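The structure appears right after this line, and notes come after that.
The values are calculated or read from the model by the stated rules, or taken from the named source; none is laboratory data. Every value quoted in this text rests on a predicted model; they were computed, and no experiment measured them. All Cβ positions, glycine included, derive from the backbone under ideal geometry; neighbour counts span all protein chains shown.
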Amino acid sequence: MVDNRNNDTPPGPNRRQFLNRLWAFFGVVALVEFGWLGLSFLNSRKERNKPVKTESIVTAGAVEQFTPATVTAVPLGQFYLACLADGSFLALSRTCTHLGCSVPWDEEKNQFVCPCHGSTFNLTGEVLSAPAPRPLDYYPVRIENGIVKVDISTPQKRGRFESTQATRI
Amino acid sequence: MPKSRRSITDLILHLHPPTVPEETLRFNLSWGLGGMAVMLVGLLFFTGILMLLVYQPSTDQAYTSILILTREVPFGLWVRNIHHWSANLLVVISVLHLLRVALTGAFGPGRRLNWVIGLFLLFLLLSSNFTGYLLPWDQLAYWAVTICTSMLGYIPFCGQWLQELFRGGAEIGPATLANFFVLHVAFIPGTLFILLLWHFWLVRRAGGLVQIKKNDAPEAPSPRVSTVPNLVMREAAVGLALVAFVLTLAIFWNTPLLEQANPGMSPNPAKAPWYFMGFQELLLHLHPVFAVFVWPLLGAAAFLCVPFWRDTALPTGVWFGSGQGRTLAAWTTAIGVVATLTLILIDNLLLGSATAVTNTFVTRGLLPTGVLMVLSAGLYSWLVKKLNYSRAETVMAGIILVLVTLTVCTIIGVWFRGPEMHLVWP
Ligand code: HEM
Ligand code: FES
């Protein structure tokens, strides 16, 4: 077959170049559009999936129930209530700050031991051994009429334990 | 030749050239590893499509649908086992394939792009294995995904964003399963398929597999034989033997399925799937940012770049390049095993004795990374300058060292780590 384009009126190099660029431009625009479309689609799911906590205040129990220097699991709120040696209360998230495993309290060793990579935390949630990079998150505790209440809406990150994180009677 | 035969032959010849150099048919050149990988991919597609008919990708039904598959569907258990064993074998076979490509000098000029594509294939099939791991929504799946998506969170700048993207929200839930399901059954297989065709085409374009370079008669082309039946029959023999092996394995060895996912309790120990044991071992010893991001990035960059550095490929077609290369490889393997074991044991003592944690970003991050860099550079120049090894041989030693380390970590992770990931005897 004869290539007509070269025989008849050859489009000037400028025109060809212009058209090539135009198509390249449209191609990029199309890519951006599809990328944006995909990302918005995926992003919408983040909102939809936000956990709806209807009741963010969890009642852990009466103050007298807890002896100092002990840890009680509160499965309802997925946290631990640590009653510190001085009798103040600290609510600890049970999610390991390393990679999110659920940390059990080891009564004998008197520490939290993560089953996944062996991080250990003390009663106040501070790291005893790596790899966890920071202490367990905590939740604000309120004591009303001798009842311990914990606000579990957002876990609080922290660099180390300070006595202000715990609540005294 | 009858017409029907002819057209089948033609179809085969779209993937293969009509004739191939005779010497590349040697089994001990390629060990048929690439062909085995293709066969396993085939088995995976076949059994995967079957399971798709029963599996329900929702958090409250996934687990039950797997139980139905294994208990009620005829051959359901077998099909699941075949899928499982093919997937796991594929990881082993692909790594061996990578090793053979490296050790026979098959990533040199003309094959560079194919090495890169091969690495992407490896990445894809690891992702495929991992996304599939989540689908049964049992304890194993749930916690593996918790750990892995948390790992994303440590990536600088976009970590949080990536984590929420993959989880489909702040927490693990139905959207996470939907994401992983789509990745596993549509996105990854599709991409894998395209890359595979490209991979095969590039093998053909490079003139087939690597051949031994003959110095005496560079002009004389090595003798060629016709592809059908010489190559095709060999491929069929290897492929069918492998299928028989996998099918038998799948009769006697069941895929694990733990209890249904329980977000309140991690199993103890909660181990990564075996092909991520190297990662897991890193996580035990390094600061997460380094274990999750810096070291994998350095490793991936090194593997991607190695063919583009001049003279890094061994003499083609000869295992280890030469007898000297073979000796170096043996030494590297032995030293690699001893060094890895020693390091792990020493750090285990350090971890056990540490009562207070100092700044782990430095002590378990910057410091070991720096030491690693200096050590690699030092070893490299020692081997090249003092012991007169070629650059290609030294690079080969490096690749072997990485793979040996990963293997040792995998063995330790699978058999020698017990509750809370402490070292134990099996
Ligand atoms: C799904 C995984 C893979 C499949 C199905 C596959 C398939 C194949 C096949 C059939 C061949 C022909 C020669 C042979 O059988 O050895 C081949 C060659 C090759 N593969 Fe792969 N491969 C995979 C992964 C990889 C990986 C992980 C790498 C390395 C990063 C890689 C790099 C290469 C190279 C460089 C060649 C050319 C070898 C030569 O010319 O001698 N491939 N592959
Ligand atoms: S998740 Fe707890 S130590 Fe890794």
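Return yes when B:Tyr133 is under 30 Å from B:Thr255 (Cα atoms), within 14 Å of another protein chain (Cβ to nearest Cβ), hydroxyl-bearing (Ser, Thr, Tyr) and in contact (Cβ under 8 Å) with a residue 60 or more places away in the chain and no when it is not. No.
Identify, from the list A:Leu99, A:Leu136, A:Leu123, the residue that is hydrophobic (A, V, I, L, M, F, W, C), within 9 Å of chain B (Cβ to nearest Cβ) and assigned to a loop (DSSP other than H, G, I, E, B). Outline the logic, then answer.
Details: A:Leu136 fails: within 9 Å of chain B (Cβ to nearest Cβ); A:Leu123 fails: within 9 Å of chain B (Cβ to nearest Cβ).
When all the criteria are applied, what remains is A:Leu99.
Residues that are within 16 Å of ligand 1 (Cβ to nearest atom), part of a loop (DSSP other than H, G, I, E, B) and closer than 30 Å to B:Thr24 by Cβ occur in the range B:110-127; there is at least one. Annotation note: Cβ proximity below 9 Å between a residue of the range B:81-105 that is within 16 Å of B:Tyr133 (Cβ to Cβ) and away from chain A (no Cβ under 14 Å) and a residue that is within 16 Å of ligand 2 (Cβ to nearest atom) and of a type outside the set (A, V, I, L, M, F, W, C) (sequence gap 6+ or interchain) occurs for B:Asn88/B:Pro273. Of all the residues in the range A:57-96, those that are more than 14 Å from chain B (Cβ to nearest Cβ), part of a loop (DSSP other than H, G, I, E, B) and either within 16 Å of ligand 2 (Cβ to nearest atom) or small (Gly, Ala, Ser) (or both) number 4.
Taking each residue of the range B:18-35 that is within 20 Å of B:Gly118 (Cα to Cα) and looking for partners that are of a type in the set (Val, Ile, Thr) and more than 7 Å from ligand 1 (Cβ to nearest atom) with beta-carbon atoms closer than 7 Å, six or more apart or interchain, yields B:Gly32/B:Val238; B:Leu33/B:Ile93; B:Gly35/B:Val238. Test of understanding: among B:Leu135, B:Leu152, B:Leu124, which residue is at pLDDT 90 or above and closer than 25 Å to B:Val402 by Cα? The match here is B:Leu124.
The set of residues in the range B:134-157 being assigned to a helix (DSSP H, G or I) and aromatic (Phe, Trp, Tyr) consists of B:Tyr142, B:Trp143.
Okay, residues lined up against (1) crowded, with 23+ Cβ neighbours inside 10 Å; (2) of a type in the set (A, V, I, L, M):
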| position | (1), (2) |
| --- | --- |
| B:Val92 | no, yes |
| B:Leu96 | no, yes |
| B:Ile117 | no, yes |
| B:Leu124 | no, yes |
| B:Ser127 | no, no |
| B:Thr131 | no, no |
| B:Pro136 | yes, no |
| B:Tyr142 | yes, no |
| B:Thr146 | yes, no |
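Just so you know, in the range B:259-290 the residues that are of a type in the set (A, V, I, L, M, F, W, C) and at the interface with chain A (Cβ under 8 Å from one of its Cβ atoms) include one that is farthest from the chain's Cα centre (by Cα), and it is B:Met265.
Evaluation of B:Thr340 against the conditions (1) closer than 13 Å to B:His285 by Cα; (2) among the hydroxyl-bearing types (Ser, Thr, Tyr); (3) more than 22 Å from the chain's Cα centre (by Cα) shows that the sole unmet condition is (3).
Here B:Gly168 meets each of (1) within 11 Å of chain A (Cβ to nearest Cβ); (2) on the phi > 0 side of the Ramachandran plot; (3) surrounded by fewer than 16 Cβ atoms within 10 Å (Cβ to Cβ) with one exception, condition (3). What about A:Val148, is it away from ligand 1 (no atom under 16 Å from the Cβ) and within 20 Å of B:Gly418 (Cβ to Cβ)? Considered against the rule, which asks whether it is away from ligand 1 (no atom under 16 Å from the Cβ) and within 20 Å of B:Gly418 (Cβ to Cβ), A:Val148 comes out as no.
In this structure, is B:Arg326 assigned to a helix (DSSP H, G or I), in contact (Cβ under 8 Å) with a residue 60 or more places away in the chain and basic (Lys, Arg)? Steps first, please.
Numbers: assigned to a helix (DSSP H, G or I): yes; in contact (Cβ under 8 Å) with a residue 60 or more places away in the chain: no; basic (Lys, Arg): yes.
For B:Arg326, the condition - assigned to a helix (DSSP H, G or I), in contact (Cβ under 8 Å) with a residue 60 or more places away in the chain and basic (Lys, Arg) - is not met.
For the range A:70-88, which positions are exposed (fewer than 13 other Cβ atoms within 10 Å of the Cβ) and under 14 Å from A:Gly125 (Cα atoms)? The one that is exposed (fewer than 13 other Cβ atoms within 10 Å of the Cβ) and under 14 Å from A:Gly125 (Cα atoms): A:Ala85.
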